[in-house]
Amino acid sequence: MAQIIAIANQKGGVGKTTTAVNLAASLAILKKRVLLIDMDPQGNATMGSGIQKNDLVYSMTDVLLGEIHIENAIMTSEVGYKVLAANRDLSGVELIIAEKPAREFILKEALKEIDQQFDIILIDCAPSLSLITVNAMAAVDGVIIPMQCEYYALEGLADLTQTIDRIQQAINPKLEIIGVLRTMYDGRNALTRDVAGELEQYFGSKLYETVIPRNVRLAEAPAHGLPVIYFEKNSKGAISYLNLAAELLKKSNAKKG
Ligand SMILES: Nc1ncnc2c1ncn2[C@@H]1O[C@H](COP(=O)(O)OP(=O)(O)O)[C@@H](O)[C@H]1O
Ligand SMILES: [Mg+2]
C-alpha cells in the first residue's frame with residue numbers, strides 16, 4: 001500500500017508546488033514508484049511535470065465527478081513519475097460534488113483502486129480549504145507543510161495546526177503532520193534564522209533537518225516543464241530536494257520499524 005501525503009499550507013507562495021514536483025522527481029530517482037496528484041485548479045504541478053494542462057483528455061475533475069475510473073486519468077510523465085493532472089475545470093467541481101453523499105471521501109475511495117501500484121502518492125493542494133482540499137485531507141496518511149521562514153509564517157501556525165486537528169477529528173483520524181519543511185531559506189538573514197529556531201521549538205522532530213535554500217534554478221525549471229534535477233542536476237535546489245526525499249524515506253522506514 002502506498003504512503004499517501006498531502007503537501008499543504010493555507011498560505012499561497014510558500015513552495016507547495018515546488019516541493020510536490022521536486023520531491024516526486026527525487027523519490028522516483030531513488031527508485032520509488034510515485035504518483036503526483038495535482039489538486040489545484042491552477043495546474044502548476046501539472047505544467048511543472050511537463051504536461052500541458054490545457055490538453056488534458058481526463059483529469060482530476062473527471063475522477064471527482066465519478067465520470068471515469070481513476071486508472072484512466074493517470075498519465076505518464078517524462079520525468080520518472082506518474083501524474084494525475086488538473087486544470088481550471090477543477091474549480092467548477094466543488095459545487096457539483098457538494099450535493100453528493102460522502103462528498104469528502106470521493107478521492108479516498110478512488111485511491112483504494114490504485115494504491116497498490118505505488119510506493120508514495122503526493123498530493124499538491126491549493127492554498128484554500130475547499131471541498132477539493134478536504135478530499136485530499138481525507139485521503140492521506142498525513143501532511144507535509146512547507147513554510148517560508150518569515151514573520152508571518154509564525155502568525156499562521158496556530159491556525160494551521162488547528163485546521164489539521166479539526167479535520168483529524170471530523171473526517172480522518174489518522175491525519176498527522178508528517179513533516180515541516182523550511183523553504184526559500186536564506187541563512188544569512190537574521191530573521192530567517194530566528195523564525196527557523198522558533199519552528200524548531202514548535203515542531204521538534206517533525207521539522208525536517210533538510211532545508212530548501214532560495215535557489216533561482218528552482219524558480220526557472222517549471223518554465224521548462226521540468227523538476228530542477230532534470231534542469232540543472234548540480235544545483236543547490238536539486239541536491240536539497242534529493243536530501244529531503246532521503247530524509248523522508250528514512251523517517252518512514254524508522255516508523256515502520
Ligand atoms: N526554494 C526556492 N527558491 C527560489 N524560488 C522558489 C523556491 N521555492 C519556490 N520558489 C518560487 O516561489 C514561487 C511560489 O512557489 P510555489 O511552489 O508555486 O508555491 P505554492 O505552491 O505554495 O503557491 C514560485 O514562483 C516558485 O518558482
Ligand atoms: Mg501551488
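Taking 0.36 nm per residue of sequence separation and removing the Cα-Cα distance, the Glu220/Lys236 pair yields an extension gain of 4.4 nm.
As an exercise, use a Förster radius of 25 Å and the Cβ-Cβ distance of Glu78 and Asp115 to find the FRET efficiency, rounded to the nearest 0.05. Each step should come with its number before you reach the end.
Numbers: r = 24 Å, r/R0 = 0.94.
Rounded to the nearest 0.05, the efficiency is 0.60.
Heavy-atom accessible surface of the chain, averaged per residue, reaches 47 Å², computed with a 1.4 Å probe.
Angle of helix 151-170 to the longest C-alpha principal axis of the chain, folded into 0 to 90 degrees and rounded to 10: 40°. Legend: calculated FRET efficiency, Lys100 to Lys251, from the Cβ-Cβ distance at R0 = 35 Å, rounded to 0.05, equals 0.45.
Could you give the size of the charge dipole of the chain about its Cα centre, using +1 on the Cβ of each K and R and -1 on the Cβ of each D and E, expressed in debye and rounded to the nearest 20?
Working: 26 positive and 30 negative charges, 157 e Å.
My answer is approximately 760 debye.
Here the extension length gained between Gln201 and Asp186 equals 3.5 nm, from 0.36 nm per residue of separation less the Cα-Cα distance. Close amide H contacts of Gln148 (hydrogens built in the peptide plane, cut-off under 5 Å, sequence separation of 5 or more or a different chain): Thr183. Among Asp40, Asp124, Asp186, the largest mean-square fluctuation in a Gaussian network model of the chain, built with springs joining Cα atoms closer than 10 Å, belongs to Asp186. Taking all protein chains together and rolling a 1.4 Å probe, Arg193 ends up with roughly 120 Å² accessible. Just checking the listed ones, Ser240, Ser205, Ser128: in the Gaussian network model of the chain with Cα springs under 10 Å, the one fluctuating most is Ser205. Taking amide H as placed 1.01 Å from N in the peptide plane, Ser130 has no amide H partner under 5 Å among residues 5 or more places away or on another chain.
Once the Cα atoms are used to define both axes, helix 236-256 deviates from the longest principal axis of the chain by about 70 degrees.
Could you name the lysines whose alpha carbon sits less than 21 Å from that of Lys82, not counting residues in the same chain fewer than 8 places away? Lys82 reaches Lys16, Lys31, Lys32, Lys53, Lys108, Lys112, Lys233.
When both segment 133-186 and segment 1-37 are represented by their alpha-carbon centers, they are found 14 Å apart.
The values are calculated or read from the model by the stated rules, or taken from the named source; none is laboratory data. What you see is a predicted model, and the numbers here were worked out from it, not measured in a lab. Here the Cβ is made from the backbone with ideal geometry for all residues, glycine too, and neighbour counts use every protein chain on show. To get the accessible areas, we keep the full protein, side chains included, count just its heavy atoms, and leave off ligands, DNA and RNA. Shrake-Rupley method; radii C 1.70, N 1.55, O 1.52, S 1.80 Å.
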